[in-house]
Amino acid sequence: MNAEPYLADLGTRLRGLGLPEEHVRVTLADLGEHLAECGGVPEEEFGPLEEFARELAPAAGRTTPDTTRPDPDAETWRWTADTFVDEELLGRFGDEGWEVERVDALGRFVCRRDRDRPQRWEYRRELVTRGREGLDERLAPDGWEACGNWLVHAWFKRPRAASLGPAAELPTPPAPPTRHTFRSRRFYAALALAITALTASGITAALHDGDPTSGLGFTTGLAAGALLPLVVFLATHVTRDRRLKR
């Protein structure tokens, strides 16, 4: 089903409720990606348009300023990296004023930067194989705030103003990066190793059975078995990410 009419009407309604244009654009992009991935019907996925719009703009009826809404003048940028370099890059981009707002369902860091008074940020990554286990509470006294999680990792941020004072403000921040994907040499080496091992397993199976198709089937089965848990996780994460936005 064509989701464009629903999303277009939703965008019009969100603007009418006072959401900034940049916030509306990013929200509609997220929702469009979700619908493209799951092939769902907008009304079934998100519910009636008017009700969903008010869930996305809960502060529409407030008379006092809402400081939690994104700055319409802020720059936005999304990027992703493998686990070999993400911490290093978070440190670099944090020093350039990029604040991670969340990690989306595809594992991308969704960032913003104030155009007028950009501030430096610092980050840390934690392993959360068995849940958060009170991690947020343990890190909160030191100023760390959760900013996203994906697979077995959680990321935390804090402004560097607490330690640097006025020096944390960037007088002339660099231009936004043109790249959106960062892969390290170690990532490509690991990928090559995995492909080599998978191919070797298929060849071994084919030689053992004396049938080339047997090796192909064996290799395909291994690949599917390896990808299935990730696919299930992504589907769950997309659903949870959508619910958090409501």
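Across region 139-153, computed HN-Hα scalar couplings (Karplus, 6.51 cos²θ - 1.76 cosθ + 1.60, θ = phi - 60°) run 8, 4, x, 8, x, 7, 10, 4, 10, x, 8, 7, 6, 10, 10 Hz from first to last residue, x flagging Gly and Pro.
The distance from the alpha carbon centre of region 104-163 to that of region 165-187 is 16 Å, rounded to a whole number.
Residues whose amide H comes within less than 5 Å of that of VAL128, counting only those at least five positions distant or on another chain, are HIS153, ALA154 (H built at 1.01 Å from N in the peptide plane). When a/c is below 1.5 the answer is rounded, else prolate if a/b is larger than b/c, else oblate, so apply that to region 90-198 with a ≥ b ≥ c taken from the square roots of the Cα gyration tensor eigenvalues. Oblate is the answer for region 90-198, as a/c is 1.5 or above yet b/c matches or exceeds a/b.
For GLU43 and SER163, what does the FRET efficiency come to when R0 = 41 Å and r is the distance between their Cβ atoms, rounded to the nearest 0.05? Efficiency, rounded to the nearest 0.05: 0.25.
Modelled spin labels at ALA36 and LEU151, positioned 7 Å past Cα toward Cβ, are 2.2 nm from each other. For TYR123, no residue has an amide H sitting under 5 Å from its own, ignoring neighbours fewer than 5 places away on the same chain, with H placed 1.01 Å from N. Around GLY94, what is the net charge, scoring Lys/Arg as +1 and Asp/Glu as -1 over all other residues with Cβ under 9 Å from its Cβ? So the surrounding residues net to 0. Across region 22-38, coupling constants 3J(HN,Hα) worked out from phi with the 6.51/-1.76/1.60 Karplus curve, θ = phi - 60°, read 5, 5, 5, 4, 5, 4, 5, 5, 4, 5, x, 4, 4, 5, 5, 6, 8 Hz, and Gly and Pro carry x.
The phi-based Karplus calculation (6.51 cos²θ - 1.76 cosθ + 1.60; θ = phi - 60°) puts the 3J(HN,Hα) values of region 173-182 at x, x, 5, x, x, 8, 8, 10, 10, 10 Hz, whole numbers, x for Gly and Pro. Applying 0.36 nm per residue to the separation of THR172 and ASP95 and subtracting their alpha-carbon distance, the gain on full extension is 26.5 nm. Here the simple spin-label model places points 7 Å from the Cα toward Cβ, and for ASN2 and ARG117 these points are separated by 4.7 nm. When you restrict to C-alpha pairs under 8 Å that are six or more residues apart and normalise by the size of region 86-180, the relative contact order lands at 30 percent. The local environment of THR12, defined by Cβ-Cβ distances under 12 Å, has a net charge of -1 under the rule Lys, Arg +1 and Asp, Glu -1.
Since every read-out is calculated from the coordinates, none of them should be taken as a lab result. Keep in mind that this is a model prediction, so the values were computed, not measured. Don't worry about glycine lacking a Cβ; one is built from the backbone with ideal geometry, like all the others, and counts go over all protein chains shown.
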